[in-house]
Every structure is written in C-alpha cells, then in structure tokens.
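One structure is given here, and the rest of the page talks about it.
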C-alpha cells in the first residue's frame with residue numbers, strides 16, 4: 001500500500017471543480033479522489049518500472065497538489081509553466097501531475113483514446129526537441145500507477 005507524506009492542504013470538491021473549470025479540463029475520477037483525499041505528496045514506496053526505456057525504472061519525486069504551499073509543487077503553477085511546451089501536438093493532451101526529480105515529467109493523458117493513463121516523458125537531454133519516442137505509458141490509470149509503486153532493490 002502506498003503511503004503519502006508531505007500532503008497538500010485540505011481540498012474541497014468546490015475548489016477542485018473551480019480548478020478544472022478555470023483550466024478547461026476534466027480529470028479522471030480516481031485522480032480527483034486522490035486530490036480530495038491527499039492533495040499531492042511524496043509516495044512511499046516511490047519506484048515504478050519503465051518498460052522499453054534504457055533505464056528499467058524511475059521514481060516519483062513528488063505528486064503535485066492544488067494550492068500547495070510550495071509554488072513549484074503546485075498544479076496551477078505547473079499547468080501555467082507547461083502551457084507552451086504541451087501545445088506541441090505530441091503532448092497536447094498531457095497534464096503534468098508530478099516529476100521524478102530529474103526533470104522528467106509524470107503526466108495524465110486526457111485524450112479520448114487513453115483518458116486517465118499515466119505517462120512518463122523522458123526530458124533528457126533537456127535541450128533537444130522531444131517527440132513521441134520520449135513518451136512511455138506507465139499505467140492505464142492513476143489507481144494502477146499507485147498500486148504498482150515499489151521499493152527498489154539494494155545494489156549491494
């Protein structure tokens with residue numbers, strides 16, 4: 001069972017609806033429930049597999065929240081920051097919900113085809129133009145994503 005530490009402030013259904021309306025999006029129900037229960041935080045355990053990537057796994061540094069007291073961990077701040085980047089056709093339906101600590105993005109796919117899927121975008125190197133080759137589907141839903149998190153094995 002995944003635990004969340006450093007959770008965000010209490011979030012009401014009204015504030016969540018206001019966030020969705022003001023940004024013109026509708027979030028998947030399981031992610032909405034996560035926000036209403038935890039409103040972001042750092043999951044423990046935090047590691048997930050990266051099938052098809054040169055690295056076999058990555059870890060969640062943080063899952064953002066609404067009105068989180070640290071600006072760089074706040075969903076609205078991240079939504080506004082990514083506005084230009086995610087206007088690229090390959091990324092236009094992605095909504096960033098977290099990161100892995102190396103500037104790689106953990107997103108929800110809000111497209112009709114994969115609504116609610118959790119996506120990893122490999123941002124290394126940062127200066128190159130990113131394409132669909134940098135996109136990895138991690139899980140079919142946010143719930144599935146949380147359930148797959150594990151503790152990495154020691155390299156000893």
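The gain in end-to-end length when the residue 103 to residue 77 segment is fully stretched comes to 7.8 nm, 0.36 nm per residue minus the alpha carbon separation. Between residue 15 and residue 57, the modelled labels are 3.4 nm apart [label points 7 Å from Cα along Cα→Cβ].
If both residues of a DSSP beta bridge must be in the chain, then about 95% of such bridges are antiparallel.
Ranked by how many other Cβ atoms sit within 10 Å of their own Cβ, fewest first, the residues 61, 22 fall in the order 22, 61. Relative contact order, whole percent, for region 3-148 stands at 19, derived from Cα pairs under 8 Å and 6 or more residues apart.
Among 10, 53, sorting on how many other beta-carbon atoms sit within 10 Å of each Cβ, with the fewest leading, yields 10, 53. Just so you know, the Rg over Rh for the chain is 0.94, from Cα atoms, with Rh as the Kirkwood radius.
Converting the Cα gyration tensor eigenvalues of region 33-78 into ellipsoid dimensions via √(5λ) gives semi-axes, longest first, of 24, 12, 9 Å. Length gained on full extension, residue 112 to residue 147: 10.3 nm, using 0.36 nm per residue less the C-alpha separation. Per-residue Cβ neighbour counts within 10 Å put 136, 150 in the sequence 150, 136, beginning with the fewest.
Bear in mind that the values in this text are calculations on the coordinates, not laboratory data. Source: prediction; values computed, not measured. Cβ coordinates were reconstructed from backbone atoms using ideal geometry, including for glycine residues, and neighbour counts include every protein chain displayed.
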